[in-house]
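Since the structure comes first, as structure tokens, the remarks are kept for the end.
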Amino acid sequence: MINLLLFPILLPFFFAMVLLLFPKKLLLQRTISIVALVLTAVFTIILMLKVKSDGIQAITLGSWPAPFGISMVSDMLSVLLVLSSTIIAIFVVWYSFSSIGKARESFFYYPGILFMLTGVNGAFTTGDIFNMFVFFEVLLMSSYLLIVLGGEKVQLRESIKYILVNVISSALFVITVAYLYSVVGTLNMADISVKIAQIDQPGIITVIAVLFLVVFGLKGAIFPLFFWLPSSYAAPPIPVLALFGALLTKVGVYAIMRTYTLFFTFDQGFTHELLMILSILTIVAGCIGALAYFDVKKIIIYNIIIAVGVILFGASQMTETALMGSVFYLIHDILIKGALFLLIGVIIAITGTSNLRKMGGLIKTYPMLGWTYLIAAFGLAGIPPLSGFIGKLLIVQGGFEAGNLWGSIFILASSLVVLLSVMRIFIYAFWGEPVQVSKLDPRQYRNLFTPAVILVGLSVVYGVGSEWLVPYMSDAAEVLNNPSKYIHAVLGGA
């Protein structure tokens, strides 16, 4: 029997291959992709409950004992991220029915999304550092298809930059994995942790840790490696932007969190201090960008960069409270960014522009859209009791516990900039004199608005219901804070 933890990877992969057979049959493409995603979500929830009751699930493929075979590991952190990613994919696909256009739909759009989810879920679940590279490549190849799909001039121009950066970062990834393998002689992440503790070469391990930070930092868009992200993400259509914005940087962030808590823990005075400094600089860069632009896409895209900084600041503190805050904020950001991108997609569909200066007065004709956007904006900025507040509060508390007073105060101050940047969209687009816009067909508006409003509702439930989620979040944080549990689950008595 196939182990339960492989289902979230195998299901989207299998259905994506099926969809390749009839790209022009749109109704079938839509139906099968939604069924595939819902099934994946159901199996992920079952897996999450199993992890909660029975502890970390691990399987080593090919009947080899760990660490010789390729291990797949599902702990609470990875299963929560797999579930969040699958939920976002469901809403993006639903939203795509009315927004992406039939020409793009009939050109392997849905298989592209499912293959990308295969790579994302695989990267979250793998227990092998080289296998993580393989899953990164799977999700990147799918993202190359999605970023150029439609062939508009701006897409093709930006995709060249996007592909070049990722090709360089992938080459660096393989070189860094080779360095690590030459020092420790294993690729299994649990075994790497054990071997690093046994060898007496902290200098070379610190160098490798910094190289991994560069590799994952390029993919996760930390300072100063985020330069490629704003214009590349703004180029494709809204559903693709929502998928990229909610998921792709998070895989890089997850990889930093996993490696910096599992095996690069022997020179924290240097590696984690560096991570903290870069995370604060990332927040500064994101804040400047979010305030500088009058383009709704760019404002939310720069808020992705701010969130990456906030999450990694929590991870760099290495206290259980801060790590729990990072996990909480990571999942909050996946949900809220997906919701916000879908909402600004509705605004752009109504106004025909992403330029704030050409908008105004939408609250009169679309009041529900305005108030929904406001709730999502407050959630992003961390206004209590919405989901952004709890994660940020825990990160700040963890920062105080670790003795980083000024960094924690800075995280709090950045919330004001986030609030200001998203309120500018609300003030410009919804208040003021109504601007002449072409009337959006009510049915199309409903089809676009419904998935967006439900996703905002989910993010509100995630914040308000945080009390029920705390056991799951603390399980995830405990695995990060106490890697011996992960190691024992993978290697057993080995």
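We did not get these values from a lab; they are worked out from the coordinates using the rules stated. Nothing here was measured: the structure is a model prediction, and the numbers come from that model. As a convention, Cβ positions derive from the backbone with ideal geometry for all residues, glycine included, and neighbour counts pool all protein chains shown.
Details
- Ordering of 61-70, 245-254 by packing [mean C-beta count within 10 Å, highest first]: 245-254, 61-70
- Recomputing P(r) over Cα pairs in 10 Å bins from 0, in percent from the coordinates shown identifies the correct label among [x] 4, 16, 20, 18, 15, 12, 9, 5, 1, 0; [y] 4, 16, 24, 21, 12, 9, 7, 5, 2, 0, 0; [z] 4, 21, 32, 27, 12, 3, 0 as [z].
- For a straight C-alpha distance cut-off of 22 angstrom, the lysines reachable from LYS102 (same-chain residues fewer than eight places away being disregarded) are LYS24, LYS25, LYS153, LYS439.
- Percentage of interatomic Cα-Cα distances in the range 51-103 larger than 17 Å: 59 percent
- Each of PHE223, THR206, ILE238 was placed along the dipole of the chain (beta-carbon charges, centred on the mean Cα), and the one lying farthest toward the positive end is ILE238.
- The range 373-494 shape via C-alpha gyration tensor axes, a/c threshold 1.5: oblate
- Relative exposure of HIS332, HIS488, HIS272, judged by other C-beta atoms within 10 Å (fewest first): HIS488, HIS272, HIS332
- Highest-first arrangement of 124-133, 306-315, where packing means the average Cβ count within 10 Å: 306-315, 124-133
- Unit charges on C-beta of K, R, D, E only; dipole of the range 4-491, Debye: 1760 debye
- Neighbour counting of Cβ atoms within 10 Å sorts the residues LEU39, LEU117, LEU343, LEU362, fewest neighbours leading, into LEU39, LEU362, LEU343, LEU117.
- Cross-link partners for LYS337 among the lysines, with Cα-Cα distance under 18 Å and sequence neighbours closer than 8 places in the same chain left out: LYS219, LYS250, LYS297, LYS298, LYS392.
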